[in-house]
Structures are given as structure tokens and as C-alpha cells.
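Participant: Questions regarding the structure given below will be posed in turn.
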Amino acid sequence: MPSKDTADAVALLKADHRKVEDLFTRFEKAKDNASKARLAQEICTELTVHATIEEEIFYPACKEAVQDDLEHQAYVEHDGAKVLIAEIAASSPDDEFFDAKVTVLAEMIKHHVKEEEKPGEGFFAQARKGDVDMEALGDKLEARKGQLLAAIKEGGLPPPETRSFTGHKLKQGHVVERAG
């Protein structure tokens, strides 16, 4: 039985969206590298947990209600974000492309959120039309979120696990030289 304190699944996921949007805004305004590093770490943690609970619990529960192409796009968007998250988490504000990576990640997430929250036809709207108990699903998401946050606190961010990127091995090319 869902607890009275837990938001339904969509409300919980939207709250995550607002939190990450705020973190990106704070990152843009940050002046010092220590603040940027702390905010980037928090962004990476929040997005890793959010993507995981969506992929493990929310997307499968709503699969029958959501158009396949929208679901496929969501997984690909997550996988692209995971690559940037891993890059950001493994670097520091002193690295030449750090700010650019965070900015591109913010743009990717903004697009992803728009697709999920689009009134009437977005992922969340379609999911609500399905035969899913959003209150009970919210409880499952909240519980898993707590487990993931505890695991990250204990052992750090896990390596990214992609679900739509298959069969490719990335090769590191020559690093772009700093101008001047």
C-alpha cells in the first residue's frame, strides 16, 4: 500500500527534473572551481539515480501505454547523457572541456525533460493514460532511489550502463590542443 508521504511516480520524477534544473542554473552562476566541482558531482549523482529508477522501474511499468518511438528515444537520450556524466565525473573544472561538457549535458537534459513532460503527448502524459498505479509506482521509485543514493555515498558513481548503445568501442583520438 502506498504511503501518504510519497508522491505519485510522475510527480516524483518531475521533482527530480526541477532539482536538476536548479543545479544546472547554480552551476552556470558558479564563479569558483570548488563550487563547480561540487555542483557537477551533485548533478551527476542526481542524473545517475534518476535515469536508473526510470529505466529499472518507471519505463518498464509504463511500456504498454507509451509509444515505442518515444520510449526508444528516452533510452538513447539517457545513454548519451550517461557518456557525458562519466566524462564529467572523471574530470575537474581545471580540464579544458569541463564547462562545455556540463553545458551540453544541461541542453540534453532540457530536451529530454521537455519530451517527457510535454502536455497531452509526452512520456508522462501517455504513461498516466495506462493502467498503472502511479502511487504504488512512486513508492517503488522512492525506495530504489534511497538504495542508489546510499550505494553512491558508499562507493561513488557506478560506471555508466548503456541500454541502447551496442557493439561500439570508443577510440580516444588526439586531444584537441588548447588555443594560444
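Where a number appears in this text, it was derived from the coordinates with a stated rule and is not lab data. Everything numeric here is computed off the predicted structure, so don't read it as measured data. With ideal geometry, Cβ positions are generated from the backbone for all residues, glycine too; neighbour counts draw on all protein chains shown.
Participant: Which of the trypsin sites (Lys or Arg not before Pro) across the range 1-97 are loop residues per DSSP, with 13 or fewer other Cβ within 10 Å? Please report the intermediate quantities before stating the final value.
Facilitator: On the way: sites: Lys4, Lys14, Arg18, Lys19, Arg26, Lys29, Lys31, Lys36, Arg38, Lys63, Lys82; in loops: Lys4, Lys31, Lys63.
Here the sparse-neighbourhood loop sites are Lys4, Lys31, Lys63.
Participant: Divide by every residue of the chain the summed helix terms, -39500 (n - 2.57) for each DSSP H run of at least 4, and state the resulting mean residue ellipticity at 222 nm, rounded to the nearest 500 deg cm²/dmol.
Facilitator: Details: 7 runs with 117 residues, N = 180.
Calculated mean residue ellipticity at 222 nm is -21500 deg cm²/dmol.
Participant: Right, something else. Let's see if you can work this out: charge +1 on each Lys and Arg Cβ, -1 on each Asp and Glu Cβ, no other charges. What is the dipole magnitude of the chain about its Cα centre, in debye to the nearest 20? Don't jump to the answer; show the numbers that get you there.
Facilitator: On the way: 25 positive and 36 negative charges, 86 e Å.
Result for the chain is approximately 420 debye, rounded to the nearest 20.
Participant: Counting other Cβ atoms within 10 Å, which GluC sites (Glu not before Pro) in the range 22-74 have at most 11 and lie in a DSSP loop? If you can, show how the numbers build up before the last one.
Facilitator: Working: sites: Glu28, Glu42, Glu46, Glu54, Glu55, Glu56, Glu64, Glu71; in loops: Glu64.
Passing sites in the range 22-74 are Glu64.
Participant: Separate question: Report, in debye and to the nearest 20, how large the dipole of the range 77-128 comes out about its Cα centre when Lys and Arg carry +1 and Asp and Glu carry -1 on their Cβ.
Facilitator: So the dipole magnitude of the range 77-128 works out to roughly 320 debye.
Participant: Related question: Report P(r) for the range 100-150: all Cα-Cα distances, bin width 10 Å, range 0 to the bin holding the largest distance, values in whole percent.
Facilitator: 22, 30, 39, 9, 0
Participant: Next question. With the dipole of the range 17-106 worked out from charges on the C-beta (+1 for Lys and Arg, -1 for Asp and Glu) around the Cα centre, which of Ala89, Phe58, Leu23 lies farthest toward the positive end?
Facilitator: Projecting each Cα onto the dipole axis, the largest value belongs to Leu23.
Participant: Kindly put Leu47, Leu141, Leu148 in sequence by how many other C-beta atoms sit within 10 Å of each C-beta, fewest to most.
Facilitator: Leu148, Leu47, Leu141
Participant: Any idea which of Leu149, Leu70, Gly122 is furthest toward the positive side of the dipole for the range 9-153, if Lys and Arg beta-carbons carry +1 and Asp and Glu beta-carbons -1?
Facilitator: Checked the options; the winner is Leu149.
Participant: Counting only other residues whose beta carbon sits under 14 Å from that of Leu39, what net charge do I get with K and R as +1, D and E as -1?
Facilitator: In short, 0.
Participant: Moving on. Show me the GluC sites (Glu not before Pro) within the range 119-166 that DSSP assigns to loop and that have at most 13 other Cβ atoms within 10 Å of their Cβ.
Facilitator: Here the GluC sites (Glu not before Pro) that fit, given the DSSP loop and packing criteria, are Glu121, Glu161.
Participant: With point charges of +1 on the Cβ of Lys and Arg and -1 on the Cβ of Asp and Glu, referenced to the Cα centre of the chain, which listed residue (Ala7, Met108, Ser35) lies farthest in the positive direction of the dipole?
Facilitator: Selected residue: Ser35.
Participant: Take every Cα pair under 8 Å in the chain that's 6+ residues apart, average their separations, divide by the length, and report that relative contact order as a whole percent.
Facilitator: 36
Participant: Please state the charge dipole magnitude for the range 107-146, taken about the Cα centre, from unit charges on C-beta atoms (+1 on K and R, -1 on D and E), reported in debye and rounded to the nearest 20. Spell out each step's value before the answer.
Facilitator: Working: 8 positive and 10 negative charges, 22 e Å.
So the dipole magnitude of the range 107-146 works out to roughly 100 debye.
Participant: For a quick check: sort Val76, Val102 by the number of other beta carbons within 10 angstrom, fewest at the front. Display every interim value, and only then the final one.
Facilitator: Details: Val76 15, Val102 25.
So the ranking, lowest neighbour count to highest, is Val76, Val102.
Participant: Using the Kirkwood formula on the Cα atoms of the range 26-133, what hydrodynamic radius do you get, in angstrom to one decimal? Before the final figure, lay out each step's value.
Facilitator: Working: mean 1/r = 0.0671 Å⁻¹.
Radius from the Kirkwood sum: 14.9 Å.
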